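First up is the structure itself, then whatever we jot down about it.
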Amino acid sequence: VALIRAGLVGIGKVARDQHIPLLRASPHFELVACTSRNNRVDGVANFTTVEAMLAGGPGLDAVVVCSPPQVHYEAAKCALLAGKHVFMEKPPCATTAELGRLTELARVGKRTFFQTWHMRYAPRVSDAKRWLKGRKVLGARIVWKEDVRHWHPGQSWIFQAGGFGVFDPGINAISVLTKILPEPVFVESAEHFVPENCQAPIAANLVLRTDSGVKISAAFDFLYAGEAIWDIEVETDGGALKLSFAGAVLSIDGQRLEFPPHKDGAYAEYMQLYRRFAELIAAGESEIDATPFRLVADAFLAGKRTPVARFEE
Ligand code: NAP
């Protein structure tokens with residue numbers, strides 16, 4: 001089977017940590033080009049704009065967008081209009097209408113558009129979903145706390161408008177919650193803590209509720225200096241479930257469930273994402289679930305904004 005020839009847009013942390021090694025190891029894809037304003041990737045054709053990559057690049061089948069969300073739309077639009085399949089990092093775009101338009105362009109152009117939620121592929125997320133099926137949910141809690149200076153060094157876009165602030169990691173928690181819960185979730189209230197010199201929140205507290213009225217609290221914090229906490233807890237009529245370490249560990253009633261190590265090791269999430277992308281291309285389908293994005297947008301709509309001290313990196 002011919003390899004899918006991919007071009008990568010935005011050479012930053014996630015491109016280096018995940019996409020480049022994965023594309024180089026993948027049995028389905030071949031990394032042939034990159035777009036970067038400041039960086040170069042060895043062994044592929046390098047361009048400084050998406051337009052130049054699409055016009056002058058080696059024949060591409062797919063474009064992988066891993067720049068910040070504020071510039072996702074233009075890159076993905078150009079790629080879809082040029083007849084390429086698109087893999088897009090989370091958070092999807094700067095606005096929900098942009099995601100709607102990309103979905104439509106992919107449909108009309110008969111291209112695959114994969115709006116990814118990488119944490120849904122974390123090792124224990126499907127097990128958690130399976131365990132929750134058929135149990136009655138009584139309550140849930142998200143605690144998502146990390147040190148922005150450690151995890152997002154130099155990423156000034158994160159605190160600019162459209163950068164999502166603490167929801168850049170927080171949307172991962174919501175993507176997992178909305179995958180494992182058997183019921184739809186709504187935003188009931190939200191409070192965003194926004195540094196005086198920033199446009200996006202550095203911390204936020206949300207109250208969500210399921211369609212049957214079960215409350216879910218969510219606390220997001222970017223100024224947490226200890227070891228990161230990425231936990232989701234769900235109380236049910238059949239016990240308490242906890243997903244910790246960003247979906248890597250599953251415990252029931254305080255007992256950690258043991259599983260054999262994943263054969264793809266540290267790259268398991270992105271291996272599966274790329275496998276799924278190849279499957280979607282082969283099937284001529286797209287996969288876009290806007291739910292986590294809509295919930296974060298709703299939290300901005302419904303939320304109150306509390307100014308807090310300046311943030312200096
Ligand atoms: P990053 O380190 O800041 O890299 C983003 C890259 O995008 C930059 O290095 C830059 O590369 C390019 N870019 C293009 N236009 C830009 C603009 N206007 N402002 C800033 N950069 C621009 O960020 P990242 O951590 O890789 O995250 C990128 C996306 O991936 C985000 O949506 C994030 O949520 C998602 N993500 C990140 C991780 C992670 O572990 N960091 C994990 C999963 C998903 P050039 O200078 O080369 O153009």
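Scan segment 64-77 and tell me whether some residue there is over 23 Å from the mean Cα position of the chain (by Cα), part of a loop (DSSP other than H, G, I, E, B) and either closer than 28 Å to Phe159 by Cα or more than 8 Å from the ligand (Cβ to nearest atom) (or both). So far as segment 64-77 goes, no, none of its residues is over 23 Å from the mean Cα position of the chain (by Cα), part of a loop (DSSP other than H, G, I, E, B) and either closer than 28 Å to Phe159 by Cα or more than 8 Å from the ligand (Cβ to nearest atom) (or both).
Among the residues of segment 1-20, those that are surrounded by fewer than 19 Cβ atoms within 10 Å (Cβ to Cβ) and under 15 Å from Met271 (Cβ atoms) comprise Val14, Asp17. Filtering Thr96, Thr35 for residues that are surrounded by fewer than 23 Cβ atoms within 10 Å (Cβ to Cβ) and within 16 Å of the ligand (Cβ to nearest atom) leaves a single hit, Thr96.
State whether the residues of segment 252-262 include one that is part of a loop (DSSP other than H, G, I, E, B) and on the phi > 0 side of the Ramachandran plot. Yes, some residue in segment 252-262 is part of a loop (DSSP other than H, G, I, E, B) and on the phi > 0 side of the Ramachandran plot.
In summary, Arg120 fulfils each of the numbered conditions (1) surrounded by fewer than 18 Cβ atoms within 10 Å (Cβ to Cβ); (2) of a type in the set (Lys, Arg); (3) within 16 Å of the ligand (Cβ to nearest atom) with the single exception of condition (1). Filtering Leu23, Leu60, Leu80 for residues that are without any contact (Cβ under 8 Å) to a residue 40 or more places away in the chain, open to solvent by less than 40 Å² (accessible area, probe 1.4 Å) and hydrophobic (A, V, I, L, M, F, W, C) leaves a single hit, Leu80. Looking at Leu22, Leu80, Leu54, just one residue is within 13 Å of the ligand (Cβ to nearest atom), in a helix (DSSP H, G or I) and closer than 22 Å to Ala278 by Cβ, and that residue is Leu22.
The values are calculated or read from the model by the stated rules, or taken from the named source; none is laboratory data. Quick caveat: nothing in here was measured; it's all calculated off a predicted structure. Cβ coordinates were reconstructed from backbone atoms using ideal geometry, including for glycine residues, and neighbour counts include every protein chain displayed. When the accessible area is computed, the model is the full protein with side chains, heavy atoms only, and any ligands, DNA or RNA have been set aside. Shrake-Rupley method; radii C 1.70, N 1.55, O 1.52, S 1.80 Å.
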